[in-house]
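Structure, as structure tokens:
The values are calculated or read from the model by the stated rules, or taken from the named source; none is laboratory data. The shown structure was predicted, so the numbers you read here are calculated from the model rather than taken from an experiment. Neighbour counts are summed over all protein chains in view; Cβ atoms, including those assigned to glycine, are modelled from backbone coordinates with ideal geometry. All accessible areas refer to the heavy atoms of the entire protein, side chains included, with ligands and DNA or RNA removed. Shrake-Rupley method; radii C 1.70, N 1.55, O 1.52, S 1.80 Å.
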Amino acid sequence: MQLFATSAFAPPESLRIRRDRAERILNGLRAAVVFLLTAAALMYAPHLSRALNTANVLVLAPTLLWTVAQYLIWYRRTELPNWLSAVNPVVDVTAVTAIIGGYAVAQSGVLALRSPIFLMYFVVLAGRPVASSVRKAAFISALAFVEYTALLAWLWATNRVPLVINPIDAVVLARITPLDEAAKLILLGVFGIVSTYATSWVEHLVREASKESAERQRVVTRLVQSELDTLKLQLNPHFIFNALNSAMALIATDPAAAERMVSELSDFLRLVLSTSSEQEVPLERELGLLDRYVAIQRVRFQDRLTVSCNIEDGVRAALVPSLLLQPLVENAIRHGISPRAGAGYVQVTARRLGDKLLITILDDGVGVRARRSRVRSRGTGLGLTNTTTRLIHLYGENHEFESGAREEGGYAVRITIPFKLGRLSPARTGVPVDASLAAAIES
């Protein structure tokens, strides 16, 4: 069983950003510590020997310059160099070792080993889980252990540290006991292992969170896709039911008209099935479907219905939700024009507004109150409901849907969606959409 995560783990963007931010914070803390040590060294300078002051300058000055240089060179960038998270702790650990060794050379080994500067090893290691990878944390932990071990070996080999076995004698006689230094090494090694394991645990949590987030996103995408498909499937039977009812009503009075309606319905369903797997299609194809649908309605309404399309140049290739126009036009005809005694019209417009596509469907039908009472009495309104739900799933907050009464009378639906270009395809009906609409519908 592996104790630590392998280096094959590629951290996600969020973890890199957090590590970069942590490294900036740690460098700020490093600057504060170095400034405080520098201030303390200046305060004690009159009371220290020249050799100790020299040791302080040789260690603190380069560390301070390196810390300040990072702000001047890299901190204006959006992201710090990746190697900086390894170089900084190496500099810190080496600086701690150097100042302990410098004190031992300048004054005495006992003063050096009893200096609280040893605790800075733990401060450096404590920052590894939030700023480093597992490999870097393991390397820094091993470096701190090796450097301090080498420092002790050098001090004992050069007889700079007088040793005693009894810890009490070590305190009274100002000596060093091997047991104390062995305990320091054990603590340093254990803390290094804990720091490395904590770094591995952080990466493990991030990896699992990334997997779960990606899986949740895939599930949500599948659910949304399934719901969109369900909404589209609801529209087809809804329209077929209405068209077949109209055809049945014409069988007794006008069999030829009923036959034409069924024929047009067949062409319409063929076009719908060709786009059944697509959620967005070019506007041109939607106009082709609308052409077939209006041809079906012309059989029923004859000259009582006028439908016009005003499509701005350059927007025919814009992507729109499939089966967008037909349910809205059907809603206008069924609830606005059909209840009227006289003729009525439906107008479809599409134009570009910057990075948005504006689609408007308006009619001069019976108005809001009559439409609402008709919807309640007949249990309809599926077109508007499904359209709004599909727009929410497809575009979220990046769309607008408005519907309501017109001042001139009738009803209007206004849809704004992102303008995205698709690829135009040849008209399936064999006749240009606008020409077919004009020939089949307009009086």
* To do: Would you be able to tell me the number of residues in segment 385-426 that are out of contact with any Lys or Arg (no Cβ under 9 Å at 6 or more places or on another chain) and among the aliphatic types (A, V, I, L, M)?
  => 6
* To do: Kindly establish whether ARG316 is closer than 13 Å to ALA243 by Cβ, touching a helix residue (DSSP H, G or I) at 6+ places or on another chain (Cβ under 6 Å) and open to solvent by 50 Å² or more (accessible area, probe 1.4 Å).
  => no
* **Filter result for the condition that a residue is over 38 Å from the mean Cα position of the chain (by Cα), of a type outside the set (Lys, Arg) and at pLDDT below 90, over ALA150, ALA157, ALA131** => ALA157
* Asked: In segment 286-326, what count of residues is obtained for those that are farther than 15 Å from VAL262 by Cα, β-branched (Val, Ile, Thr) and touching a Lys or Arg at 6+ places or on another chain (Cβ under 7 Å)?
  -> 1
* So which pairs qualify, if the first residue must be in segment 12-28 and open to solvent by less than 80 Å² (accessible area, probe 1.4 Å), the second must be small (Gly, Ala, Ser), the Cβ gap must be under 6 Å, and the two must be at least 6 apart or on different chains? -> PRO12/SER210; ARG19/ALA131; ALA22/ALA131; GLU23/SER85; GLU23/ALA131; LEU26/GLY127; LEU26/ALA131
* Considering segment 392-412 alone, what residues qualify as being open to solvent by less than 70 Å² (accessible area, probe 1.4 Å) and assigned to a loop (DSSP other than H, G, I, E, B)? -> GLY396, HIS399, ARG406, GLY409, GLY410
* Asked: Taking only pairs six or more apart or across chains, which ones have beta-carbon atoms under 6 Å, a first residue in segment 397-409 that is at positive phi, and a second residue that is assigned to a loop (DSSP other than H, G, I, E, B) and open to solvent by less than 50 Å² (accessible area, probe 1.4 Å)?
  -> GLY409/ASP364
* Asked: Do any helices (runs of 4 or more DSSP H) lying entirely in segment 92-195 carry at least 2 residues that are more than 28 Å from LEU64 (Cβ to Cβ) and either free of Cβ contacts under 8 Å to residues at least 60 places away in the same chain or open to solvent by less than 80 Å² (accessible area, probe 1.4 Å) (or both), and which ones are they?
  -> 134-157, 167-172
* Looking at segment 266-274, is at least one residue touching a helix residue (DSSP H, G or I) at 6+ places or on another chain (Cβ under 6 Å), in a helix (DSSP H, G or I) and at pLDDT 80 or above? -> no
* Counting just the residues of segment 326-385 that are at pLDDT below 75 and surrounded by 21 or more Cβ atoms within 10 Å (Cβ to Cβ), which one comes out farthest from PHE268 (Cα to Cα)? -> ARG371
